[in-house]
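> This is the structure I have questions about; it appears just below.
The values are calculated or read from the model by the stated rules, or taken from the named source; none is laboratory data. Note that the coordinates shown come from a computational prediction; the quantities given were computed from them, not determined experimentally. Note: ideal-geometry Cβ built from the backbone for every residue, glycine included; neighbour counts use all protein chains shown. Keep in mind that these areas ignore ligands, DNA and RNA; they rest on the heavy atoms of the full protein, side chains included. Shrake-Rupley method; radii C 1.70, N 1.55, O 1.52, S 1.80 Å.
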Amino acid sequence: MIQLRGITWNHTRGFTPLVACAQRFSELHPEVDITWTRRSLLEFGETPVEELANRFDLLVIDHPFIGYAARKEIFRPLEEILLADTVADWAQTTVGASGASYCYAGKTWAAPIDAACPVALWRPDLLDRLRVEPPRNWAGLLRLAARGGVLIPGMHTDAIHHFYMLCLALGAEPGAEEEEFVSETISTQALGELAQLYGMVPEACQRMNPIAVHEALASGDGPGAYCPFAFGYSNYSRRGYVAHRLQAGVPPHWREAPMRTTLGGTGLAVARGCKMPEWAGKFAAFAASREVQRGLYWQAGGQPAHRDAWIDPVNNAESNRYLSATLPAVEAAWVRPRFPGYLHFQDHAAPVIHAAVCGRQSISTAVEQLNRLWREARRLRLSHEN
């Protein structure tokens with residue numbers, strides 16, 4: 001018996017589709033047994049991957065880990081264990097940059113199985129009660145927030161993505177410069193706008209992640225009827241999953257222009273130390289294949305990366321049109337830096353941004369700290385490259 005162990009994150013979207021795929025894969029290949037372990041969403045974003053790669057064969061990962069993992073040779077390049085055409089096809093058949101985001105230094109380090117970005121979510125019945133439509137722009141969002149109608153995922157791990165989104169809306173590419181992550185003017189304005197929004201939503205939002213916001217919107221009668229941007233979970237728009245199905249769409253515009261949010265989603269990587277890498281690779285390709293993504297993976301609660309799954313009429317009918325309604329946001333989503341050293345910035349900048357927008361430190365101090373952290377990340381990149 002060939003035994004493989006995998007680790008993913010603890011939600012229906014992250015766990016049950018892989019269990020279902022593992023079961024079907026074992027039915028097709030009785031000599032292979034794959035078991036899956038879960039970790040929390042916070043651990044998913046912050047636990048060092050090398051610790052997990054020493055214990056598991058298959059790892060569900062986020063793309064910002066790729067540069068560091070490639071430099072440390074934590075994962076096995078999938079070109080070594082799969083047909084070249086199979087690997088090359090992912091960049092062309094996935095939504096947005098989902099496939100390309102796992103390519104680094106000329107190699108592919110994970111199979112794209114899941115796609116997401118922050119999207120808008122709302123309860124139509126609660127908005128009807130307030131006699132409003134989903135806000136079309138930032139000004140409308142603030143008006144609804146002033147009436148108590150808005151929830152946001154406001155944890156530090158989400159605040160940094162809100163900050164990226166506003167920097168992009170203000171015309172600055174985060175991380176494009178060497179000495180400043182974003183110019184002082186743009187950083188100050190972005191943090192100020194975000195602080196205003198944080199001051200208008202329930203204080204509990206400061207401790208909420210995207211799953212908590214989805215659950216709050218779908219389960220009760222308030223507070224809050226609308227979320228402008230949270231990493232989307234199509235589960236909450238599906239029949240039979242929650243008491244009140246959510247509607248989803250693109251985030252409100254910044255003035256007249258659409259806002260670009262941050263690409264999320266996950267890929268399936270094979271640990272360098274896996275003793276059966278060919279079988280682990282075969283399973284990764286199976287889970288990422290068109291047929292499985294469009295069918296079994298979706299049906300088991302997953303949020304596929306393959307484009308055909310997103311445009312499938314049956315999948316959209318089952319999910320309140322979640323996929324087609326949010327597809328423009330995923331297609332336009334911004335890809336975070338992936339070089340070795342970037343995670344140092346992300347991990348340390350998130351609490352800085354959170355403290356500033358929650359009023360626990362000045363915005364000017366936060367801007368200075370962000371630029372210092374960015375310079376540290378750049379130095380780490382140079383040290384890794386040398």
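> Take residues that are modelled with pLDDT under 95 and tell me which of the helices (runs of 4 or more DSSP H) falling wholly in segment 1-100 contain 3 or more.
Working: elements: 12-28, 41-46, 49-53, 66-72, 84-93.
The helices (runs of 4 or more DSSP H) meeting that bar are 41-46, 49-53, 66-72, 84-93.
> Being assigned to a strand (DSSP E or B) and in contact with a helix residue (DSSP H, G or I) (Cβ under 6 Å, 6 or more places away or on another chain) narrows it down to one residue among Leu323, Leu268; which is it? Walk me through it before giving the result.
Details: Leu323 fails: assigned to a strand (DSSP E or B).
Of the residues listed, the single one that is assigned to a strand (DSSP E or B) and in contact with a helix residue (DSSP H, G or I) (Cβ under 6 Å, 6 or more places away or on another chain) is Leu268.
> Exactly one condition in (1) over 30 Å from Arg136 (Cβ atoms); (2) in contact with a strand residue (DSSP E or B) (Cβ under 8 Å, 6 or more places away or on another chain) is false for Gly301; which is it?
(2)
> I would also like to ask the following. Residues in segment 255-263: is at least one over 18 Å from Ala100 (Cα atoms), part of a loop (DSSP other than H, G, I, E, B) and acidic (Asp, Glu)?
yes
> Within segment 153-197, count every residue that is of a type outside the set (A, V, I, L, M), more than 26 Å from Arg381 (Cα to Cα) and within 21 Å of the chain's Cα centre (by Cα).
Residues in segment 153-197 being of a type outside the set (A, V, I, L, M), more than 26 Å from Arg381 (Cα to Cα) and within 21 Å of the chain's Cα centre (by Cα): 2 in total.
> Please work out which residue is surrounded by the most Cβ atoms within 10 Å (Cβ to Cβ), limiting yourself to segment 75-105 and to residues that are more than 23 Å from Val32 (Cβ to Cβ) and β-branched (Val, Ile, Thr).
Thr94
> Kindly list the number of the only condition in (1) without any contact (Cβ under 8 Å) to a residue 12 or more places away in the chain; (2) closer than 19 Å to Glu368 by Cβ; (3) small (Gly, Ala, Ser) that fails for Gly175.
(1)
> Here is a follow-up. Would you please name the residue that is most open to solvent (accessible area, probe 1.4 Å), looking only at residues in segment 223-240 that are in contact (Cβ under 8 Å) with a residue 60 or more places away in the chain and more than 19 Å from Ala325 (Cα to Cα)? Break it down stepwise before answering.
Pass one, segment 223-240, residues in contact (Cβ under 8 Å) with a residue 60 or more places away in the chain: 223-239.
This time we only want the ones that are more than 19 Å from Ala325 (Cα to Cα), so: 223-224.
Working: Pro223: 90, Gly224: 9 Å².
Among them, the one singled out is Pro223.
> Right, something else. One residue is enough: does segment 344-362 have a residue meeting the conditions assigned to a helix (DSSP H, G or I), of a type in the set (A, V, I, L, M, F, W, C) and either free of Cβ contacts under 8 Å to residues at least 60 places away in the same chain or surrounded by fewer than 20 Cβ atoms within 10 Å (Cβ to Cβ) (or both)? Write out each step before concluding.
Here is the first cut: in segment 344-362, the residues assigned to a helix (DSSP H, G or I) are 344-357.
After this cut, where a residue has to be of a type in the set (A, V, I, L, M, F, W, C) as well, the list is 345, 349-350, 352-353, 355-357.
Cutting the leftovers down to either free of Cβ contacts under 8 Å to residues at least 60 places away in the same chain or surrounded by fewer than 20 Cβ atoms within 10 Å (Cβ to Cβ) (or both) gives us 352, 355.
The answer is yes, given that some residue of segment 344-362 is assigned to a helix (DSSP H, G or I), of a type in the set (A, V, I, L, M, F, W, C) and either free of Cβ contacts under 8 Å to residues at least 60 places away in the same chain or surrounded by fewer than 20 Cβ atoms within 10 Å (Cβ to Cβ) (or both).
> Determine which member of the set Arg260, Arg290, Arg272 is more than 23 Å from Ala218 (Cα to Cα), open to solvent by 10 Å² or more (accessible area, probe 1.4 Å), in contact with a Lys or Arg (Cβ under 6 Å, 6 or more places away or on another chain) and in contact (Cβ under 8 Å) with a residue 60 or more places away in the chain.
Details: Arg260 fails: in contact with a Lys or Arg (Cβ under 6 Å, 6 or more places away or on another chain); Arg290 fails: in contact with a Lys or Arg (Cβ under 6 Å, 6 or more places away or on another chain).
Just a single option satisfies the conditions, and that option is Arg272.
> For Glu318, only one of the following conditions fails: (1) open to solvent by 60 Å² or more (accessible area, probe 1.4 Å); (2) within 19 Å of the chain's Cα centre (by Cα); (3) more than 29 Å from Gln346 (Cβ to Cβ). What is its number?
With respect to (1) open to solvent by 60 Å² or more (accessible area, probe 1.4 Å); (2) within 19 Å of the chain's Cα centre (by Cα); (3) more than 29 Å from Gln346 (Cβ to Cβ), Glu318 is out only on (2).
> Taking segment 188-222 on its own, how many of its residues are assigned to a helix (DSSP H, G or I) and open to solvent by 20 Å² or more (accessible area, probe 1.4 Å)? Before you say what the answer is, go through the steps one by one.
Just the residues of segment 188-222 that are assigned to a helix (DSSP H, G or I), to begin with: 188-198, 203-207, 210-219.
Restricting the remaining residues to those that are open to solvent by 20 Å² or more (accessible area, probe 1.4 Å) gives 188-189, 192-193, 195-196, 203-204, 206-207, 211-212, 215-216, 219.
Count: 15.
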